[in-house]
Structure formats: C-alpha cells, structure tokens
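Reviewing the structure listed below.
Derivation of every value follows stated rules applied to the coordinates shown; laboratory data play no part. The model shown is predicted, which means the values in this text are computed figures rather than measured ones. Cβ: placed from backbone, ideal geometry, glycine included. Neighbour counts: every protein chain shown.
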Amino acid sequence: MTQPLKTLINADSLDFALRHITTYYDTDFFPRAEEFLAIGHLWDEVKQYILESDLDHILSAPPLVEPWPKTRSGFRIVHRPEPLDSIVYAALAKTIASSVETARASPEVACSYRISESDRSFLADGSGFNVYRERCENLSADFQFVLSADISDFYNKIYLHRLQNAIQTATDAPREYRAESSIS
C-alpha cells in the first residue's frame, strides 16, 4: 500500500512551491502564466484546497504540449502543466530535494544544476555553469578532443521506473511511503 500523495506535501512545501514558481516561473519556454498572480491573491484558499484534495485522483487537464524549435535545427517537445499541477510538482520536489542532492554524483562528475535551497529557490547557487567551465578548462590540458552531444530528446525517453527507484534509494523511504503509482 502506498502513501497518498497529499501526505507527502504540507503547507510549508506548498508555500515554497508558489514562491519558487513566482520568482523563476514554471517553464523556460512559455511566457509567464498569469494564473499564478490570481492564485497568489487567493493563496490561503488555494493552498487549503490542495491540502484537502485527493491528489492521486484530482481532476486536472493534460499539460500543454508544443514543438519548440531547437537552436540550430529541428524541434523538441516541451510541456507546460496546469498551474495547480506545477505547484504540486514543485511541492513534491521540495519534499525530496535535499535527499536527492545528497545522493547525486559530485559536481566534478556531473556538471548540471545543483540543488541548493533558499526560502524561494532550489537553485540558490546558480546554474553550475562556472563549475562546468572550470572542469572543461582543467580537462583540456589532458585531452585533445571534445565530444559534443545534444541530449534534449533524452527527457522524453526517461524510463520512469528507474527514476522512481533512484528517488526511492535517495530518500531511503520505506516501501509503504512511496507514491509509485503517481510516477508511472
């Protein structure tokens, strides 16, 4: 028996989620959704609605799905969840963020955004690009060639059970507290 999603979030994680989204938006592709301004004006009521809802069975619309041009050629598929879904996803991410970051490879191995929480952000220390650049410069002294790869299509092919298992391992949560039905 898995724990219902609504027991994995609380008022604090929802408050963080709204602050994060209103500070950094919910997407890198689409313009800011004005719905978040309306949600912010009625936040106490919206938060209570989310906390009282059965998130495993809540009715929400499918995300907006659009082809988005890549820099040089082709397209990638991008998604924009409904605003309440974005808030719930960010709150769930907040719940496991520190455990996931602790379990990750060091920045010298995996140059990517690192979770460093503040009161309104998962990314308080920036993008990690400076670590990436420094690592490239250090490696250039030992290696003559660079492999360049576009992994933008990778995200559509993530095997969700492996992601689920990685989160399970990182958070070290007992099986009965996993919300596996929500990820698959």
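For the stretch 24-82, with only Lys/Arg (+1) and Asp/Glu (-1) charged at the beta-carbon, what is the dipole magnitude about the Cα centre, in debye rounded to 20?
So the magnitude is around 620 debye.
At 0.36 nm per residue, and after removing the present C-alpha to C-alpha distance, how many nm does the segment from Ala149 to Glu137 gain when stretched out fully? Don't jump to the answer; show the numbers that get you there.
Values: separation 12, 0.36 × 12 = 4.32 nm, distance 1.81 nm.
Going from the current span to full extension adds 2.5 nm.
Say each of His41 and Ala61 gets a label point 7 Å from the Cα, pointing the same way as Cα to Cβ; how far apart are those two points in nm?
1.9
Under 14 Å between alpha carbons, and skipping anything fewer than 8 positions from Lys157 in its own chain: which aspartates and glutamates qualify?
Result set, ordered by chain and number: empty.
Using R₀ = 41 Å, calculate the FRET efficiency as 1/(1 + (r/R₀)^6) where r is the Cβ-Cβ separation of Asp54 and Phe129; round to 0.05.
About 0.50, to the nearest 0.05.
Of His20, His57, His161, how do they rank once you tally other Cβ atoms within 10 Å and put the fewest first? Don't jump to the answer; show the numbers that get you there.
Working: His20 24, His57 8, His161 11.
Fewest-to-most ranking of His20, His57, His161: His57, His161, His20.
Could you work out how far apart the two model spin labels at Thr7 and Ser116 are, taking each label as a point 7 Å from the Cα in the direction of the beta carbon, and quote it in nm?
3.6
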